[in-house]
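Chemist: Following this message is one structure expressed as structure tokens.
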Amino acid sequence: MNLPAAFRERMEQQLGAAFPTFLDSLQQSPPVSLRLNPAKWSAPASPERVPWAAQGFYLPERPVFTLDPLWHAGAYYVQEASSMFLEQVLRQSVSGDQPLKVLDLCGAPGGKSTHLASLLPEGSLLVANEVIRGRARILAENLTKWGGGHHVVTQNDPRDFQELPGFFDVVVIDAPCSGEGLFRRDADAMQEWSEANVHLCADRQKRILADVWPTLRPGGTLIYSTCTWSPDENEANVAWLAEQVDLDPVSVAIDPAWGMEEIPIGPFTGYRFYPHHTRGEGLFMIAVRKAGYAVRSAVAGRSRTSRHKKSNFLTVGKKEQAALSTWLHAPEAWTLTQEGEQVHALPTAHLADLERLQEHLRWVTGGIALAEIKGKHLNPMPGLALSTHLQTNVFPHVELDHATALRYLHRDEVTVPDAPRGWVRVTFRGVGLGWLKNLGNRTNNYFPKEWRILMSVDDPDAFFTLPV
Ligand SMILES: C[S@@+](CC[C@H](N)C(=O)[O-])C[C@H]1O[C@@H](n2cnc3c(N)ncnc32)[C@H](O)[C@@H]1O
């Protein structure tokens, strides 16, 4: 591996005698890991667990995940193992099971957002943000497939969150960085590396931290991470933040066998992952607390619900409301709102918060994408087929075999001889994939064009799926 000279020099200094072992580890192929979606799949994905994440598993080799319908169904997320350390940091830095309002600021493609969606206490609200438009759409797709509904996807610059002072209990910043920790996986990250770029990244990270700081409530937790080893982007930024604002330390208990390194930064502790010590890629993560105390914002948000203020959300007509609410298994928990032809179900407990978010932020999607109103017809939207809140017995379903499921995901026409006419939910191993409409002599495939499989789905030897 042709490492940039300045990087090599710095790492040699940073690691001392361990440098040759580090170099060796960069020659090895990166471990393959995934995280199950416990709301959709419970059987272990392999005998080898990621020790710091309850749903994390290592696979012996990298399969073609695209050829597993369960991957499209959001039954799991392919995620680098070190990143799953978020679970320890979150669990150990927020106490109890009170609902939280959480911002995942740099969210795409959705590894941490989908993880947060699984980890947050019931009744929490997740705002998954991504500044780049195309990437925000991918984030929305991945959260839709994950199947929850207590989230909003926004596409905003970090400074836009200043309009929401003290709003969040937890802010996660998985910052754009020089990507040193990904060198063995991603040749481009190595090509693009330069000392100048490290400084550029460090400056940008400071800007992001400063811009987003006001939206964290006093007493709230900031989780900051990068996938780089450069101290300028990690410990130096934490030290810099501690000079600007009042921070309290948060410590995370780790098992020494996991192999991450504890880095003291004044009174704070960061956690660094090196590939020669942990089974994962390079990562830095730290939690700190905003000094001070404020009423938990989740509670404050609810008490701000005004009985006098008219909602900004357009609610659906009575007839549609009556029909559509039967599609969800706890309809009382959701408020159905309409924008154009589309109906979304938003968590009622967070309506006041969601109105504030809608006033100040650019929404990509929010809640459960439920239906489209086409004249007299109510057409279920793709998100509903993937939602864990769907009242499944409202629609007939057909279970597809592996080859047919892949053809469905390829957007080919599939035949379903025994299915009733009309909307049919297709499943693979019991997990929802999408809709088709059975017209009797043929079917229409309603899997979204932009999500379809582009590669050939004709080679059964390449098929992959999780064990039962
Ligand atoms: C490390 S990636 C996030 C990965 C994501 N958290 C996950 O776990 O899947 C950093 C993200 O920050 C976004 N980004 C780039 N510049 C940014 C900026 N100036 N402010 C905020 N986010 C930015 C990138 O588009 C990228 O999606």
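We did not get these values from a lab; they are worked out from the coordinates using the rules stated. As the structure is a computational prediction, the values presented were derived from the model and not from experiment. Backbone-built Cβ (ideal geometry, glycine too); neighbour counts: all protein chains shown.
Chemist: Residues of the stretch 120-151 with backbone nitrogen within less than 20 Å of a virtual label 7 Å along the Cα-to-Cβ line of Lys449, please, listed as ranges.
Modeler: From the stretch 120-151, the list is 134-142.
Chemist: Once the dipole of the stretch 35-184 is set up with Lys and Arg at +1 and Asp and Glu at -1 on Cβ about the Cα centre, which of Pro38, Phe168, Leu86 lies farthest towards its positive end?
Modeler: Pro38
Chemist: So, one more: List the lysines whose Cα sits under 20 Å from the Cα of Lys112, skipping any in the same chain fewer than 8 residues away.
Modeler: Counting by Cα, and skipping residues close in sequence, Lys112 has these lysines nearby: Lys40, Lys101, Lys145.
Chemist: Mind checking which aspartates and glutamates have their Cα closer than 16 Å to the Cα of Lys449? Skip sequence neighbours fewer than 8 apart in that chain.
Modeler: Glu141, Asp412, Glu413
Chemist: Given a Förster distance of 25 Å, report the FRET efficiency between Arg207 and Ala291 from their Cβ-Cβ distance, rounded to the nearest 0.05. Kindly include the intermediate steps, with their values, before the conclusion.
Modeler: Details: r = 22 Å, r/R0 = 0.86.
That gives a FRET efficiency of 0.70.
Chemist: Below 8 Å between Cα atoms, with a sequence gap of 6+, how large is the relative contact order for the stretch 161-228 in percent? Kindly include the intermediate steps, with their values, before the conclusion.
Modeler: Values: 93 pairs, mean separation 41.8, N = 68.
In percent, rounded to a whole number, it is 61.
Chemist: Moving on to the next point. Among 227-240, 5-18, what's the highest-first ranking by average C-beta atoms within 10 angstrom per residue? The partial results should precede the final answer.
Modeler: Values: 227-240: 21.9, 5-18: 13.1.
Going by the mean number of other Cβ atoms within 10 Å, highest first, we get 227-240, 5-18.
Chemist: Within the stretch 334-366, list the residues whose amide N lies under 15 Å from a label point set 7 Å along Cα→Cβ of Ala323.
Modeler: Label zone hits: 341-344.
Chemist: Looking only at the stretch 193-208, which residues have a backbone nitrogen under 16 Å from a spot 7 Å from the Cα of Val245 in the C-beta direction?
Modeler: 204-208
Chemist: Oh, and also: At Leu200 and Ala6, where each label point lies 7 Å from the Cα along Cα→Cβ, what is the point-to-point distance in nanometres?
Modeler: 1.2 nm
Chemist: Calculated FRET efficiency, Arg49 and Arg159, Cβ-Cβ r, R0 30 Å, to nearest 0.05? Walk me through the numbers on the way to the answer.
Modeler: Numbers: r = 40 Å, r/R0 = 1.33.
It comes out at approximately 0.15.
Chemist: A further question follows. Is there a quick way to get the dipole size of the chain? I mean about its Cα centre, with the Cβ of Lys and Arg at +1 and of Asp and Glu at -1; what is the value in debye to the nearest 20?
Modeler: Numbers: 45 positive and 52 negative charges, 393 e Å.
It works out to roughly 1880 debye.
Chemist: When all C-alpha to C-alpha distances in the stretch 395-459 are sorted into bins of 10 Å, what percent of pairs does each bin hold, rounded to whole numbers?
Modeler: Here the calculated profile for the stretch 395-459 is 24, 58, 18, 0.
Chemist: Separate question: So, R0 is 51 Å and r is the distance between the beta-carbons of Ala187 and Arg442; what FRET efficiency does that work out to, to 0.05? Intermediate values should be presented prior to the final figure.
Modeler: Numbers: r = 46 Å, r/R0 = 0.90.
Plugging the Cβ-Cβ distance into 1/(1 + (r/R0)^6) gives 0.65.
Chemist: Same structure again: Any aspartates and glutamates with Cα under 17 Å of the Lys319 Cα? List them, leaving off those in the same chain fewer than 8 positions away.
Modeler: Glu332, Glu339, Glu341, Glu372
Chemist: Right, something else. Over all distinct alpha-carbon pairs, what is the Kirkwood Rh of the chain in angstrom?
Modeler: Details: mean 1/r = 0.0425 Å⁻¹.
Roughly 23.5 Å, rounded to one decimal.
Chemist: Here is a further query. Using a/c under 1.5 as the rounded threshold, could you call the stretch 33-79 rounded, prolate or oblate? The axes a ≥ b ≥ c are square roots of the C-alpha gyration tensor eigenvalues, and prolate needs a/b larger than b/c, oblate otherwise.
Modeler: Because a/c hits 1.5 or more and a/b fails to exceed b/c, the stretch 33-79 counts as oblate.
Chemist: Further, regarding this structure: For Arg62 paired with Arg133, estimate the spin-label separation in nm (one decimal), with each label point 7 Å from Cα along the Cα-to-Cβ line.
Modeler: Taking the two extended label points, one gets 3.1 nm.
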